[in-house]
Every structure is written in C-alpha cells, then in structure tokens.
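Novice: Got a structure for you, written out below as structure tokens; questions coming shortly.
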Amino acid sequence: MATITLNAVKKTYGKTEVIHGVDLDVADGELIVIVGPSGCGKSTLLRMVAGLETITAGEISIAGRKVNDLEPHERDIAMVFQNYALYPHMSVRKNLAYGLKIAKIPTDEINRRVAKAAKMLQLDDYLDRKPRQLSGGQRQRVAMGRAIVREPAAFLFDEPLSNLDAKLRVQMRMEIKALQRELGVTSLYVTHDQVEAMTMADRVVVMNAGIAEQIGPPLEVYRNPASLFVAGFIGSPPMNFINPALLSDIAPAEAETLGIRPEHCALTTAEAGRLSGTVAFCEALGADTLVHVRMADGSLLIVRSDGDPIETGEAVGVSLETPEILGFDSDGRAIRS
Amino acid sequence: MENRVTFNNRWLPFLLIAPQLLVTLVFFFWPAGQAVWQSMYLPDPFGLSSEYVGAENFWFLFEDPYYRASFATTAIFSSLVTLSSMSVALFLAVMADRVIKGSGAYRTLLIWPYAVAPAIAGVLWLFMFNPSIGVATYWLKVLGYDWNHVLNGTEAMGLVVAAASWKQISYNFLFFLAGLQAIPKSVIEAAAIDGASFAKRFWTIVFPLLSPTTFFLLVVNIVYAFFETFAVIHTITAGGPRQDTTILVYKVFADGFVGQDLGSSAAQSVVLLFIVGLLTIVQFKFIERRVHY
C-alpha cells in the first residue's frame, strides 16, 4: 500500500525530449489509468516508474521514498507486461514463485502465497502447465498472479489487455478492476484504449506528445475536457467539432472551435434544426444509430440517434442541446464560462 | 491447408532434381561406396592386385593400439574444441548483446575469423607459436616458459585446439547472438523486476531459453571438430609429435596417402562414416523434438 508521486518528470533520448515534465500524485489504493495515442510517452512514463528507463529530470517517489536511483527490484513494484513476459520454460507454479525464491522467502510461505493467488485467479488446475499450454486469458492471469504474490507497494500495468480478443478484454478488465479493489494496491495502468480508461480508472491521465493534458475522474474528463485533444480522444465516437461561424449567435467571442458530443445532438426536419446537412452514411449499432451528417461547409457531424438508419443523401436538420456546447480557444484550450 | 505443387509432366520433377541427385551420387555415394568396397580388400605392396579379406581390416584396426589412441585423441580434441569455442562464443555474444554504442563494428569484427580459410588459420597460429621464430613463443620465453609444441604433445594439442576453436568461435557467436536476440526483452525485464541479478537471470532464464541453439551448436561443433579440422592439424603439427594430435580423420589421411595402407584407411573411413551417421541421427532426433520448454 503506497502513494506514488511524480514531480516534473522528464525523459530525453539524445537531444529529443519525449516527456516534458509530468506531475502526478497517486493516492494509496488508487487506480490511475494513463491513456493516450501511440508514441505519446505513456509507456515510457510507466517504465520510468518501474525503473526500466532512467529518469532524465524530476523525481519519482513510491511510498514517500525517492526511487530515481533504485534498481527495479528495490522499488517494491510489480509489473504486468503487454506480452505477459512469462518465463516460457517454467511451469505456472514456478513462474509465480520465481520472484519469491529470489527474495529468499521461506518455502512454506511461497507455497501459501502461490496457492492463494492461484485460487484468486482460478489457476489452481493449471499450476503444473507451461505457459504455451494456456490460453491468452489464462496467461494474462498468470502475469497478474506473478504480480500479486510479491505483495508489492504498487502494480504497474503496461497495456495488459491489448493482446486479447475483444470479448476477453471486456471480461478481463472487470476482473482486474475487481482484483485491484479487493487487494487495494495502488496501480498505474497504461492503455491506448479509452474504453478501458473510462471503465477502470479512479482517475484518468490523458497524455499527448509527452504532456499530461488532463488528470481527473473519467466522467469529469468526459464532460469537461480541458483541451481539444482530450475532447477528441475520450469518447467513442469522439466529440463533434463545429466551426463557430455556423453558430455565431451562441459561440463565445474567443472560440476557435466549438465541440458537442454526439448524444447531445438530435435529428429533426431540415427546416427546424440549428444546423442542416445531408446524411453521408449511417452506422447502426443496434441500440442506437450513428448518423454522419455532411454539413454545408463539408465537415461531418455525428449524431447519436435512437432511430433506424436513414437513407444516404437525405436532407436533415440537427438540433443541439446548447448548454452542452463547449468552446475551445486558438491554443485548443477549453474556454471555462 | 495443403501446400502442394502438382506437375503435369511426369518427367519434369525428375529433371528438376537431377542436378542435385547427380552431385550427391557422384561426390557422396560413389566415394562412400568405394570406401566400403576397399575396406574389405588388402592391396599388395605394389598396388597391382588386391585380395578380399572380409572384415579383417577392421579387426586389425581395433587391435591396433595406435588406432585406439587416436580415438582417445579425437575425444579429447573434439570435446576441448567444442567446449572452448562454445563457451568463449557464448561469453562474447552475451557481452555483445549488451553493447549499444558501436555494436555493428564490434559484431562484424567478431565474425571475421570465420572468413579465414582453415589452412591459413593454421599457418597463422603456427607462425605465432613457432618454437624458433614465433612471437608468442618469444613472449612466453620472456615470461619464463619454454614453449615447444614440436616436442611436447600437450602443447601441440593445446595449439591445435586453440587454432581450431578460434575459427569456430565466430560461427558460434553468430548463432548465440541471434538466439539471445530472439529472447523477448520483456521476459528479461520481468526477471529484473522479480529481483534476479544479471548472473541469476543468465542462468535461470537466458541459458535455458538458449538451449535449442546450444544443442544445435553442440552437434555442429562436434562434427566440425571431428571432420573439418584436418587442415588446421595438417599445417600446424601434421599429427605429431609422435601421434599426439592424430585425430581419426587425420589418421585416415596419414595411413592411406602417406602410409599407402589403402585397406586400413578405407576401413577407418567406414568407421567415421558410421560415427557421422550416429551424430546425424542424434541431431535429427533431438532437433526435431527440440530440447526446450
């Protein structure tokens, strides 16, 4: 159980700075999801916490102890890798016990912890199998188990679900979340999947190009994105961006771009809407339909509609819940009113 | 899914494999057949006629103390060559794998000795350790050691082992390096997080995961030491002093082409043929199954 503190953490490779000073305070037992597109520096950040990458500048503390110059195993953390990183020549049992054996923990204590973790992860029947004899989900569980048995101060997850198929991913993300709740271990979780971020996190860190654009609870980030980038990255489908010239009567004076979520738009007749256009295409999702409307200026606007798909080319109007419209200034920052 | 090419013409497949088949038949099967045939005959001293003696050449061989000594020599020589060339290569590969700056140059230089022809390598080592003019001999003398492999059998063995291993290190290095690079980095990182030191990681993770490579190289190196070190031995010691560096392959040459005892030489070839066959079986049995996780 521990807090993790990042203070103005920077990383440079040669002359290129890839992380431009990240500040983050993780409370004890909190699950923080770091989310961002490929190459935004999220994995690098996690690897710096783990001790697999050196810290160029700034300070990282785990449980109040500065860890900048400590070796990975001295940091009291456990990491779950994207490709599981199981030891292929060892049985599940040996995989789980490896770290404990090195730490010279008594055998009966090792057995107790392995048994407990195996039970928790439903791996009891597979303890004598080799990793290649397991399914993807089971391998993922072994990787989790290897982290759990060490009873570390913090868990670090590096895109642990991206090698699983979609259905298993949904199931595993619930399991990881439940397990983290049960154990109450402080966790950093890196992913590029904003659904994982939304569903698992106590707080989300949205990263872009080496900068933490916004840190906050998932719904807060969803409802009040701090920047255009966050607005476009969080949410599926993403927020619609509209040229303020189309809505000049309600747009804030300094707004360069307006944003509105697809669920805050509705289809009406061509004459009645705030905006109008023609249907470019529809994506029927079952419960609702995403209608892509081609606006007069050529841009696309997505409307989440609960009706059935509409013929392509049909002229429609779009009504907007005006209080939900957000303005962004020329730097892409949200305008707070 | 079946991946199969079908030929419409009956003769085309035979035509296509004919060159390979011809080479194999002319250069492998025919000489091997000759050896087997000759091993059962004893030519007269002038080579004008030969007499069928059955397995007598073989009985004579196995009773010959020199031949049995050659077996022992071969065992010592090949295990020393295999062990030293593989362990040095593994050490270099592990080190080269850790080098980041200038790794290309480093690796290229380590691979070079493989391009040196065996005879040249032999001559190179011979000059360095020549008892009267060798550079290495001179420095050993400065250090107080009187090197003379022409008289001392142990030194001669040491020298041919060094020369033969030196050449093979590059080859082993290449395979070990490839093997090391095939181990996922995250597995090593996971072990580091689990608290394993570099040495511990090597012996518990890296070495077991390298076992297919190691086994493959073991077989290749034994075959190399048995059969491909002829030139090295011929240039450096010519099998001497006495017969201290006469390995089986060298004895085939020495008895057959120098001693003109073609029957015995052929019988020795057949014995070697048998050993190669065994090694190949072992290789296929294990490499197909893979000695790993």
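The values are calculated or read from the model by the stated rules, or taken from the named source; none is laboratory data. Just so it is clear, the model here is predicted, and its values are computed rather than measured. Quick reminder, even Gly has a Cβ in these numbers, built from the backbone with ideal geometry, and neighbours come from all protein chains shown.
Novice: Given the conditions (1) away from chain B (no Cβ under 14 Å); (2) buried (at least 17 other Cβ atoms within 10 Å of the Cβ), and given that A:GLY21 satisfies all but one, which numbered condition is not satisfied?
Specialist: Every condition holds for A:GLY21 apart from (2).
Novice: Next up: Tell me, please, whether a residue that is over 14 Å from B:GLY263 (Cβ atoms) and aromatic (Phe, Trp, Tyr) can be found in region B:48-61.
Specialist: Here is the first cut: in region B:48-61, the residues over 14 Å from B:GLY263 (Cβ atoms) are B:48.
Of the ones still in play, those that are also aromatic (Phe, Trp, Tyr) are none.
The answer is no, given that none of the residues of region B:48-61 is over 14 Å from B:GLY263 (Cβ atoms) and aromatic (Phe, Trp, Tyr).
Novice: In contact with a Phe, Trp or Tyr (Cβ under 9 Å, 6 or more places away or on another chain), closer than 24 Å to B:LEU209 by Cα and part of a helix (DSSP H, G or I) - does that describe any residue in region A:62-79?
Specialist: The answer is no; no qualifying residue exists.
Novice: Would you tally the residues in region B:181-211 being more than 7 Å from chain A (Cβ to nearest Cβ) and not in a helix (DSSP H, G or I)?
Specialist: Final tally of qualifying residues: 4.
Novice: How many of the residues in region A:305-326 are part of a strand (DSSP E or B), farther than 15 Å from A:LEU275 by Cα and not polar (S, T, N, Q)?
Specialist: 1
Novice: Quick check on region B:53-60. Is at least one of its residues surrounded by fewer than 13 Cβ atoms within 10 Å (Cβ to Cβ), aliphatic (A, V, I, L, M) and modelled with pLDDT under 85? Before the answer, list the steps.
Specialist: Here is the first cut: in region B:53-60, the ones surrounded by fewer than 13 Cβ atoms within 10 Å (Cβ to Cβ) are B:54-55, B:59.
With aliphatic (A, V, I, L, M) added as a condition, the list becomes B:55.
The next check asks that each one be modelled with pLDDT under 85; those that pass are B:55.
Yes, because at least one residue in region B:53-60 is surrounded by fewer than 13 Cβ atoms within 10 Å (Cβ to Cβ), aliphatic (A, V, I, L, M) and modelled with pLDDT under 85.
Novice: Also, I was wondering about something else. Could you grab me the full set of residues in region A:141-167 that are outside any helix (DSSP H, G or I) and under 20 Å from the mean Cα position of the chain (by Cα)? Please lay out each step first, then the result.
Specialist: At the first step, the residues of region A:141-167 found to be outside any helix (DSSP H, G or I) are A:150-165.
Once the filter is applied, which keeps residues that are outside any helix (DSSP H, G or I) and under 20 Å from the mean Cα position of the chain (by Cα), region A:141-167 yields A:ALA154, A:PHE155, A:LEU156, A:PHE157, A:ASP158, A:GLU159, A:PRO160, A:LEU161, A:SER162, A:ASN163, A:LEU164, A:ASP165.
Novice: Any idea how many residues of region A:1-59 are of a type outside the set (S, T, N, Q) and either in a loop (DSSP other than H, G, I, E, B) or free of Cβ contacts under 8 Å to residues at least 24 places away in the same chain (or both)?
Specialist: Within region A:1-59, the subset of a type outside the set (S, T, N, Q) is A:1-2, A:4, A:6, A:8-11, A:13-15, A:17-37, A:39-42, A:45-53, A:55, A:57-59.
Imposing the further condition that a residue be either in a loop (DSSP other than H, G, I, E, B) or free of Cβ contacts under 8 Å to residues at least 24 places away in the same chain (or both) reduces the set to A:1-2, A:13-15, A:25, A:27-30, A:36-37, A:39-41, A:51-53, A:55.
The total comes to 19.
Novice: Now, a different point. Exactly one condition in (1) within 14 Å of chain A (Cβ to nearest Cβ); (2) surrounded by fewer than 17 Cβ atoms within 10 Å (Cβ to Cβ); (3) not basic (Lys, Arg) is false for B:GLY144; which is it?
Specialist: All conditions pass for B:GLY144, except number (1).
Novice: For residues that are aliphatic (A, V, I, L, M) and in contact with a Leu (Cβ under 8 Å, 6 or more places away or on another chain), tally how many sit in region A:180-197.
Specialist: Number of matching residues: 2.
Novice: Consider A:GLY136 carefully, then state whether it is at pLDDT below 90 and within 13 Å of chain B (Cβ to nearest Cβ).
Specialist: For A:GLY136, the condition - at pLDDT below 90 and within 13 Å of chain B (Cβ to nearest Cβ) - is not met.
Novice: On the given criteria, is A:LYS101 within 18 Å of A:ILE148 (Cβ to Cβ), of a type outside the set (Gly, Ala, Ser) and not in a loop (DSSP other than H, G, I, E, B)?
Specialist: Answer is yes for this residue.
Novice: Looking at region A:111-127, can you tell me whether even one residue there is at the interface with chain B (Cβ under 10 Å from one of its Cβ atoms) and either touching a Ser or Thr at 6+ places or on another chain (Cβ under 8 Å) or closer than 24 Å to A:MET174 by Cβ (or both)?
Specialist: There is no residue in region A:111-127 that is at the interface with chain B (Cβ under 10 Å from one of its Cβ atoms) and either touching a Ser or Thr at 6+ places or on another chain (Cβ under 8 Å) or closer than 24 Å to A:MET174 by Cβ (or both).
Novice: I'd like to check something: does region B:166-185 contain any residue that is under 30 Å from B:VAL36 (Cβ atoms), out of contact with any Gly (no Cβ under 8 Å at 6 or more places or on another chain), at pLDDT below 90 and among the aromatic types (Phe, Trp, Tyr)?
Specialist: Checking region B:166-185: not a single residue is under 30 Å from B:VAL36 (Cβ atoms), out of contact with any Gly (no Cβ under 8 Å at 6 or more places or on another chain), at pLDDT below 90 and among the aromatic types (Phe, Trp, Tyr).
Novice: Evaluate the following for A:GLU175: is it farther than 29 Å from A:LYS116 by Cβ, assigned by TED's automatic domain parsing to the domain that holds A:SER61, part of a helix (DSSP H, G or I) and over 13 Å from the mean Cα position of the chain (by Cα)?
Specialist: Answer is no for this residue.
Novice: Further question on the same structure: Across region A:27-49, what is the total count of residues that are surrounded by 23 or more Cβ atoms within 10 Å (Cβ to Cβ) and either within 14 Å of chain B (Cβ to nearest Cβ) or more than 21 Å from the chain's Cα centre (by Cα) (or both)?
Specialist: So the answer is 2.
Novice: Out of (1) surrounded by fewer than 16 Cβ atoms within 10 Å (Cβ to Cβ); (2) of a type outside the set (Phe, Trp, Tyr); (3) out of contact with any strand residue (DSSP E or B) (no Cβ under 7 Å at 6 or more places or on another chain); (4) touching a residue at least 40 places away in the same chain (Cβ under 8 Å), what's the single condition that is false for A:ALA315?
Specialist: Status for A:ALA315: all satisfied but (3).
Novice: Go through region A:62-83 and give me each residue that's more than 8 Å from chain B (Cβ to nearest Cβ) and crowded, with 16+ Cβ neighbours inside 10 Å.
Specialist: Passing the criteria: A:ILE62, A:ALA63, A:VAL67, A:ARG75, A:ASP76, A:VAL80.
Novice: Any residue in region A:191-204 that is surrounded by 22 or more Cβ atoms within 10 Å (Cβ to Cβ), part of a strand (DSSP E or B), touching a Pro at 6+ places or on another chain (Cβ under 7 Å) and assigned by TED's automatic domain parsing to the domain that holds A:MET79?
Specialist: Yes, region A:191-204 contains at least one residue that is surrounded by 22 or more Cβ atoms within 10 Å (Cβ to Cβ), part of a strand (DSSP E or B), touching a Pro at 6+ places or on another chain (Cβ under 7 Å) and assigned by TED's automatic domain parsing to the domain that holds A:MET79.
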